[in-house]
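Participant: Can you read through this structure? Questions will come right after.
The values are calculated or read from the model by the stated rules, or taken from the named source; none is laboratory data. Nothing here was measured: the structure is a model prediction, and the numbers come from that model. Note: ideal-geometry Cβ built from the backbone for every residue, glycine included; neighbour counts use all protein chains shown.
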Amino acid sequence: MNPKIILVTGGAGYIGSHTCVALAQAGYRPLILDNFSNSKTSVIDRLATLMGDPPLCVEGDIRDAALIKKIFHDYCCESVIHFAGLKAVGESVKQPLQYYDVNVAGSLTLFAVMKDFGIKHLIFSSSAAVYGEEKEPPLHEESLLHPVNPYGRSKLMVEEILEDLYHMDSHSSIVRLRYFNPIGAHPSGLIGETPSGVPNNLMPYITQVAVGIRKKLSIFGNDYPTVDGTAVRDYIHVMDLAEGHVAALQKTERSSGLSTLNLGTGRGSSVLELVEAFEAATGKNIPYEIVARRAGDVAACWADPSAAQKQLGWGATRDLRTMCADSWNWQLRASFII
Ligand code: NAD
Ligand code: UDP
């Protein structure tokens, strides 16, 4: 039997590329649609090495309805995993129109063509950013939704659109996945996260300090009401996240429905704990200084992942040490291979 083709929008990006590997391992054939605005075309060759076969790939934009029609016309595709989008919180405040255009209008374009072609299975990349500032850990799917920036609002808008679409067609099967803090990389070191410019996120900043691209880490605040005063997050290995998508896809194949699920480990780590774990896993010293809090940061945020465990039979298995070691392995190779 031919493997099922899964359209993976944004499949060349950080989470999408790891999910393509997990999909191939589970016997699916990913078809990537990506405009490479935040990824490199060379990832396709590296995916071919990891997957055994090159992934199907179309270069283009999710806002291009004619292109998506052509894809569904050319390939028999029952399911879509929708990663493509813009994800930098700070940038979303400066360029809200661009964020609503790509994240919301782009999703609408995709969903409209899926409807025309009768494609009913969808996994959507949402974010813990939909919970906003008033979050009290652990976050349950029913926790208050109050995004505090255009990025988070764009994710919540799409979640709401999907609710309406499910009510329009209860034979559809939709899973909205709210990710916590993905870090790490494939253990091969062939794919990983490639932030452009100065990294906003903690782990890429740490690995760039470790490799000597940056002098020291600035830790944003040590006066939070947490174990050591630095902010606490739920870091999850990107391969655990990728496997969560395969489990969600299999759920959509079993039954119709609309689900919203946190993908996190259920464990919080402070900034200093992550720095220490990185130093222990890699033997590298990470110089740091404490600076002022970053606007918009909350003290602590971690997931209650029990709904995903129950509904998907999925749980994160990789520990902080593995996350750090794999991030470092990727950083060491990245400058040679991308
Ligand atoms: P990424 O930027 O690495 O990947 C996104 C991919 O989408 C990139 O390859 C980019 O080129 C592509 N893309 C962007 N705009 C496009 C467009 N208009 N048409 C086609 N392709 C387009 O990001 P990621 O970290 O892999 O995130 C994937 C998804 O998960 C995003 O929707 C993001 O908002 C969401 N998410 C990410 C995180 C995180 O911390 N990385 C957390 C929560 C949610
Ligand atoms: N952080 C930091 N220095 C950095 C980047 C991040 O101290 O250079 C902190 C940030 O304030 C937050 C945590 O690390 O408390 C995780 O930040 P990140 O941007 O990776 O993820 P977020 O949870 O904000 O989406």
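Participant: Condition check: farther than 22 Å from residue 196 by Cα and crowded, with 20+ Cβ neighbours inside 10 Å. Does residue 79 satisfy that?
Facilitator: yes
Participant: Go through 204, 150, 187 for me and flag whichever is within 15 Å of the chain's Cα centre (by Cα) and either under 24 Å from residue 320 (Cα atoms) or not aromatic (Phe, Trp, Tyr) (or both).
Facilitator: Result of the check over 204, 150, 187: 204.
Participant: Any residue at all in segment 106-120 that is in contact (Cβ under 8 Å) with a residue 60 or more places away in the chain and among the basic types (Lys, Arg)?
Facilitator: yes
Participant: Something else now. Given 321, 294, 333, which one is closer than 23 Å to residue 129 by Cα and surrounded by fewer than 18 Cβ atoms within 10 Å (Cβ to Cβ)?
Facilitator: 294
Participant: Sticking with this one: Evaluate the following for residue 156: is it away from ligand 1 (no atom under 16 Å from the Cβ) and surrounded by fewer than 22 Cβ atoms within 10 Å (Cβ to Cβ)?
Facilitator: no
Participant: Output the residues belonging to segment 174-193 that are surrounded by 20 or more Cβ atoms within 10 Å (Cβ to Cβ) and outside any strand (DSSP E or B).
Facilitator: Scanning segment 174-193 gives 180, 184, 185, 186, 190, 191, 192, 193.
Participant: Cβ-Cβ below 7 Å, separation at least six or inter-chain, first residue in segment 225-239 and in contact (Cβ under 8 Å) with a residue 60 or more places away in the chain and among the acidic types (Asp, Glu), second surrounded by 23 or more Cβ atoms within 10 Å (Cβ to Cβ) and part of a loop (DSSP other than H, G, I, E, B): which pairs?
Facilitator: Once the first residue is in contact (Cβ under 8 Å) with a residue 60 or more places away in the chain and among the acidic types (Asp, Glu) and sits in segment 225-239, its partners that are surrounded by 23 or more Cβ atoms within 10 Å (Cβ to Cβ) and part of a loop (DSSP other than H, G, I, E, B) give 234/180; 234/264; 234/265; 234/302.
Participant: Among 23, 47, which is touching a helix residue (DSSP H, G or I) at 6+ places or on another chain (Cβ under 8 Å), within 21 Å of residue 196 (Cα to Cα) and of a type in the set (A, V, I, L, M, F, W, C)?
Facilitator: Residue meeting the stated conditions: 47.
Participant: Can you pull out the residues in segment 10-36 that are more than 18 Å from residue 102 (Cα to Cα) and either within 16 Å of ligand 2 (Cβ to nearest atom) or touching a Cys at 6+ places or on another chain (Cβ under 7 Å) (or both)?
Facilitator: Listed by number, the residues that qualify are 30, 31.
Table: residues versus (1) part of a helix (DSSP H, G or I); (2) within 16 Å of ligand 2 (Cβ to nearest atom); (3) touching a Leu at 6+ places or on another chain (Cβ under 7 Å).
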| residue | (1), (2), (3) |
| --- | --- |
| 87 | no, yes, no |
| 91 | yes, yes, no |
| 109 | yes, no, no |
| 112 | yes, no, no |
| 119 | no, no, no |
| 126 | no, yes, yes |
| 142 | no, no, no |
| 147 | no, yes, yes |
| 159 | yes, no, no |
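Participant: Pairs, please: C-beta under 8 Å, at least 6 apart or cross-chain, first residue over 9 Å from residue 12 (Cβ atoms) and in segment 27-51, second among the polar types (S, T, N, Q) and modelled with pLDDT under 95?
Facilitator: Close Cβ pairs (under 8 Å, with a partner that is among the polar types (S, T, N, Q) and modelled with pLDDT under 95) amount to 29/2.
Participant: State yes or no: is residue 106 surrounded by 22 or more Cβ atoms within 10 Å (Cβ to Cβ) and either away from ligand 1 (no atom under 13 Å from the Cβ) or under 25 Å from residue 246 (Cα atoms) (or both)?
Facilitator: Yes.
Participant: Here's a check for you: in segment 194-203, which residue that is touching a residue at least 24 places away in the same chain (Cβ under 8 Å) and near ligand 1 (Cβ under 10 Å from one of its atoms) is surrounded by the fewest Cβ atoms within 10 Å (Cβ to Cβ)?
Facilitator: Going through the qualifying residues, I end up with 196.
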